[in-house]
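**Student:** The structure under discussion is supplied below as structure tokens; questions concerning it will follow.
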Amino acid sequence: MTSRTPLAVAASAGACALALGAAVPATAAPADEQDKAMVSVFHGIPGMTVDVYANGDELLGDFKPGTVTGPQALDAGTYDIQIFEAGRGPDGAAALQKEIKVPEGANATVAAHLDADGEPRLTTFVNDVSQVDAGGARLTVRHVAAAPAVDVRAGGQPVFTGLENPEEDTAEVDAGTVSADVVLAGTDTVAIGPADLDLKEGTNNVVYAWGSAEDKNLALATQTLSGMESAPNAVGAGGNGAAVTPDSSGQWPAWAAAAGAVTVTGVLVARRVAGRRV
């Protein structure tokens with residue numbers, strides 16, 4: 001069991017590839033899928049609706065920016081991923097193409113996003129689906145935006161610092177409501193937020209900071225992975241996840257003019273993992 005250290009103020013929240021279907025309610029993976037990989041999709045390229053192909057077959061059509069799909073059980077192996085502007089594939093030139101290796105038993109999210117210089121890229125992240133302490137949740141922040149390094153703040157104090165594209169950082173917190181903002185590293189200049197997150201017990205809440213600072217369309221999107229409760233009757237880790245969005249647009253407000261107050265119900269664990277990506 002990991003020990004958690006109380007925080008008087010709040011903790012805070014701060015990537016495309018193969019998976020079918022929209023986000024779905026969290027459930028345990030069937031027994032015959034236990035040895036397969038669970039792969040989700042995040043689309044973080046602003047202003048581009050896309051079609052996603054794997055090994056020449058269409059997997060996703062009209063996939064809109066800021067969307068996270070639910071995880072799909074896939075056989076282990078190597079997939080040739082091609083991403084086209086919607087309606088232009090597979091005979092046209094791909095906007096993005098990359099071979100993605102899917103290891104047996106992995107839980108991963110492949111994200112189409114902008115790099116720090118604003119160029120499209122594909123990044124594969126490994127999702128931490130290990131158990132969390134009773135009453136706790138996991139918070140993961142992924143920087144996949146065309147923007148400089150950022151700090152994730154809690155009550156005006158940095159919790160995750162110097163996060164660069166395409167890095168991530170993770171910590172455990174008490175389950176509950178989190179209100180957070182993201183600032184330019186080492187400053188009080190708010191980049192995104194403040195915004196609220198509902199961190200449920202036994203979940204990994206993955207927050208993507210995506211978009212472009214230059215185009216002033218930075219936003220957050222959240223992926224929730226469930227089944228990490230440490231209680232005796234908890235569902236096994238690696239269950240499905242769902243996209244969580246704060247409003248009908250599927251994203252929170254972009255660059256804000258000034259810092260906002262942030263509070264978190266909870267405590268932050270000392271254990272953090274940075275840069276866990278394939």
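Each value in this text was obtained by applying a stated rule to the coordinates, not by laboratory testing. Bear in mind that the values here come from a model prediction, so they are computed numbers and not experimental data. Neighbour counts are summed over all protein chains in view; Cβ atoms, including those assigned to glycine, are modelled from backbone coordinates with ideal geometry.
**Student:** For segment 50-190, state what percent of all Cα-Cα pairs lands in each successive 5 Å bin, counting from 0 Å until the bin that includes the largest distance.
**Tutor:** Over segment 50-190, the share of Cα pairs per 5 Å bin runs 2, 8, 15, 17, 18, 15, 11, 9, 4, 1, 0 percent.
**Student:** Need the C-alpha centroid separation for segment 76-98 versus segment 158-198, integer Å.
**Tutor:** Between the Cα centres of segment 76-98 and segment 158-198 lies a distance of 32 Å.
**Student:** Just to confirm the filter: which GluC sites (Glu not before Pro) across segment 128-185 are DSSP coil and have at most 16 other Cβ within 10 angstrom of their Cβ?
**Tutor:** GLU164
**Student:** Here's something else I'd like to know. If you plug each phi of segment 111-127 into the Karplus form 6.51 cos²θ - 1.76 cosθ + 1.60 with θ = phi - 60°, what whole-Hz ³J(HN,Hα) values come out, in order, with x for Gly and Pro?
**Tutor:** With the stated coefficients, segment 111-127 comes to 10, 9, 7, 9, 7, 4, 8, x, 9, x, 7, 10, 10, 9, 10, 8, 8 Hz.
**Student:** Note the full-extension length gain between ALA134 and ALA149 as 0.36 nm times their separation in residues minus their Cα-Cα distance, in nm to one decimal.
**Tutor:** Contour length minus the Cα-Cα distance gives 2.1 nm.
**Student:** Which order do SER40, SER226, SER130 fall in if you start with the one that has the fewest other Cβ atoms within 10 Å?
**Tutor:** SER130, SER226, SER40
**Student:** Going 7 Å from the Cα of ASP215 along its beta-carbon direction, which residues of segment 42-68 have the amide nitrogen within less than 18 Å of the resulting point?
**Tutor:** In segment 42-68, the label zone of ASP215 (backbone N under 18 Å from the point 7 Å along Cα→Cβ) covers 42-52, 62-68.
**Student:** Quickly rank 77-87, 181-191, 91-101 as a protection proxy: mean count of other C-beta atoms within 10 Å, highest first.
**Tutor:** Highest mean packing first, the order is 181-191, 77-87, 91-101.
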